[in-house]
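The values are calculated or read from the model by the stated rules, or taken from the named source; none is laboratory data. Keep in mind that what you see is a predicted model, and the values were worked out from it rather than measured. Virtual Cβ from ideal backbone geometry, glycine too; neighbours counted across all protein chains shown.
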Amino acid sequence: MVSRGIARKIDALGRVVIPAELRRDLGLAVGDLVEMWGEADHLVLARVQQRCVIDGSTEELREFRGKLVCGDCARQLSGAGG
């Protein structure tokens, strides 16, 4: 991990902007889900690997009734009258 020495202020709603060059370097895109936690005096952000809620697959994810499912499960659910 390369430290770039980039500082940002927290706004009144508790938000912090992740600079574009850092997002590019880390491969973060609009819509990516991240989780955060505190370790000692550090705030840690990590990308969440999104998975199918049924079989845990990470391939061909799509939303089905508000949940992420893979293509195989979505086809099975659609065929089951879902």
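Worth a mention:
Results for (1) in the same structural domain as ILE18 (by TED's automatic domain parsing); (2) modelled with pLDDT of 90 or more; (3) in a helix (DSSP H, G or I), shown as yes or no for each residue.
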| site | (1), (2), (3) |
| --- | --- |
| ASP32 | yes, no, no |
| GLY38 | yes, yes, no |
| VAL44 | yes, yes, no |
| GLY56 | no, yes, no |
| GLU63 | no, no, no |
| ALA74 | no, no, yes |
| SER78 | no, no, yes |
| GLY82 | no, no, no |
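- Taking the listed residues ASP55, ASP32, the one that is acidic (Asp, Glu) and either within 14 Å of the chain's Cα centre (by Cα) or closer than 27 Å to ILE18 by Cβ (or both) is ASP32, with no other qualifying.
- Scan of the stretch 16-62 for residues that are surrounded by 11 or more Cβ atoms within 10 Å (Cβ to Cβ) and of a type outside the set (A, V, I, L, M, F, W, C), ordered by number: PRO19, ARG23, ASP25, ASP32, ARG47, GLN50, ARG51, ASP55, SER57, THR58, GLU60, ARG62
- Within the stretch 1-30, the residues that satisfy the criterion of being of a type outside the set (Gly, Ala, Ser), under 28 Å from LEU68 (Cβ atoms) and either touching a helix residue (DSSP H, G or I) at 6+ places or on another chain (Cβ under 6 Å) or not in a loop (DSSP other than H, G, I, E, B) (or both) are LEU22, ARG23, ARG24, ASP25, LEU26.
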